[in-house]
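The values are calculated or read from the model by the stated rules, or taken from the named source; none is laboratory data. Small disclaimer: the values here were computed from a predicted structure and weren't measured. Glycine gets a Cβ as well: all are built from the backbone with ideal geometry, and neighbour counts include every protein chain shown.
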Amino acid sequence: MTKHPFDKALALAEIGPGCYAGMTSADYWNMVGPFGGTTAATVLQAVLLHPQRIGDPLSLTVNYAGALQEGAFEVQVHPARTNRSTQHWTASILQHDAQGQSIVTTTATVITAIRRETWSVSDTPMPKVKTPAESELKSYDDPGIWLQRYELRLISGAIPSEWHGRGDNSLTQVWMRDHPPRPLDFISLAALSDVFFPRVWLRRATRVPAGTVSITTYFHAGPKELLETGAGYVLGQASAQEFRNGFFDQSALLWNESGTLLCSSHQIVYFKE
């Protein structure tokens, strides 16, 4: 069976205790480096591969100190503390420069947890929207290569067709899944939480340089909910709260087709005039 491009992009080889070697993928390349969602997923992949890991992902925070360059990199993960039901990890991604010095491109923290069945309720039900079949399949004239790795069916909040500087909101709703379809797991869910284009483009209707500085994803789904989602669509909703002095935030929620909230995320993004 042919390996999915996402799995090839996230392939890691253990080269020492808590240290894994990887290679950037042309399939998920963005303007100046890899799609940030795959970078976040790579950190999580390293934690999931670690022999000391307990439980499943609860939260993932990734700080992008600098863009990964094309080529080899190393992921270092360390279980900083293990409690009865939670485990706290520190992580970093490094590359070597032309002089052979190690440069940190990414820092991160991860929390894994052993979940137990308890009282549960959702205070944020999935909005009533068009089905995937009723939603517009998006294509882009000049996409980053990584966009070709996702099937996006837009409901509302498209990238403006005219950059006239008169946007009035930052809300996007879109059905999405890997292309070709791939059963959802924690690493692909981490990547999907960062699929949305910069909110400043929509709110301002001006295409300015922008990039994520830090993103935190909270995983509400466990293996059962991921299995139920399978290779189906995920509804993503993203909006910003504040644009100020070169930075804005973005909140996102992702549900499966049955209405189960799978994860929520929050990120801070820089933008230029």
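Applying the selection to segment 61-81, what residues are surrounded by 17 or more Cβ atoms within 10 Å (Cβ to Cβ), farther than 19 Å from Gly33 by Cβ and of a type in the set (A, V, I, L, M)?
Val77
What are the residue pairs meeting all of these: first residue in segment 148-170, first residue assigned to a loop (DSSP other than H, G, I, E, B), second residue surrounded by 15 or more Cβ atoms within 10 Å (Cβ to Cβ) and among the aromatic types (Phe, Trp, Tyr), Cβ atoms under 6 Å, and 6 or more apart or on different chains?
The qualifying pairs are Ile159/Phe197.
How many residues does segment 212-238 hold that are under 15 Å from the mean Cα position of the chain (by Cα) and within 30 Å of Gly167 (Cα to Cα)?
Qualifying residue count for the region: 12.
Give me the pairs: first residue in segment 122-136 and surrounded by 10 or more Cβ atoms within 10 Å (Cβ to Cβ), second residue among the β-branched types (Val, Ile, Thr), beta-carbon distance under 6 Å, and six or more apart or on different chains, which are they?
Val129/Ile155; Lys130/Ile155; Ser135/Ile155
Here is a list: Ala252, Ala190, Ala205, Ala231. Which entry is exposed (fewer than 15 other Cβ atoms within 10 Å of the Cβ), of a type outside the set (S, T, N, Q) and either at pLDDT 95 or above or over 22 Å from Glu134 (Cβ atoms) (or both)?
Ala231
Name every residue in segment 234-248 that is in contact with a strand residue (DSSP E or B) (Cβ under 7 Å, 6 or more places away or on another chain) and crowded, with 16+ Cβ neighbours inside 10 Å, in order of residue number.
Val234, Leu235, Gly236, Gln237, Ala238, Ser239, Ala240, Phe248
Filter segment 89-121 down to the residues that are without any contact (Cβ under 8 Å) to a residue 12 or more places away in the chain and of a type in the set (D, E, K, R) and list them by number.
Of everything in segment 89-121, those that are without any contact (Cβ under 8 Å) to a residue 12 or more places away in the chain and of a type in the set (D, E, K, R) turn out to be Asp97, Glu117.
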